[in-house]
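Heads up: the structure comes next, in structure tokens.
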Amino acid sequence: MKKNNWKFYLVTISLTLIGAIFLGLVISFSNPYQNTAELTKINIFNLLLFYSSLFLFFSGLWATILFSFRAKKANGDNLYLYASSSFRQGILLGIFLCLLLLIQSLRILIWWDALLLLGAMILVEMYLAVK
């Protein structure tokens, strides 16, 4: 690990670890349903905690992976440019995966819905890359 990019690795790995710890705690200690006999009542707070910790985990994981690939490819040249784009794309991938899981949990996910969501994320990334 080069001295230029250790701060980015520290931030993204800590983001991933915090997300993983919160995700483990939410899965272990919470029940998304208020009453097991009545499964139609959903505890919104527990689901919000679950999806936010899942978002932290996925975005940190993807930002770390994308930056690692780009840092190896760049050989230490202008790594700060790769850090911002990797972090942005990691956040977009985290949003994409969380939205896919949310749509699947509602039982309305169809393959073209996933393709439409992917197309929307690609358009957002193209807009942010040009900006």
Quiz prompt | Relative packing of 61-72, 101-112, which averages over residues the other C-beta atoms within 10 Å, highest first | solution = 61-72, 101-112
Practice problem: Under 18 Å between C-alpha atoms is the cut-off here; go through the chain and count lysine pairs that meet it, provided they're at least eight residues apart or on different chains. | Solution: 5
Quiz item: Against the longest principal axis of the chain, how steep is helix 79-105, in degrees 0 to 90 to the nearest 10, with axes from Cα atoms?
Solution: 20 degrees
Quiz item: Of the peptides 16-28, 83-95, how do they stack up when ordered by the mean number of other Cβ atoms within 10 Å, highest first?
Solution: 83-95, 16-28
Quiz item: Let a ≥ b ≥ c be the square roots of the eigenvalues of the Cα gyration tensor of the chain; is it rounded (a/c under 1.5), or, if not, prolate (a/b larger than b/c) or oblate?
Solution: oblate
Self-check item: the chain - mean residue ellipticity at 222 nm from DSSP helices (-39,500 (n - 2.57) per run, n ≥ 4, rounded to 500)
Solution: -27500 deg cm²/dmol
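Just so you know, all these numbers are worked out from the coordinates, no wet-lab data involved. Just so we're clear, the structure is a prediction, and the values are computed from it rather than from any experiment. Cβ sites come from the backbone with ideal geometry, for glycine too, and all protein chains shown count toward neighbours.
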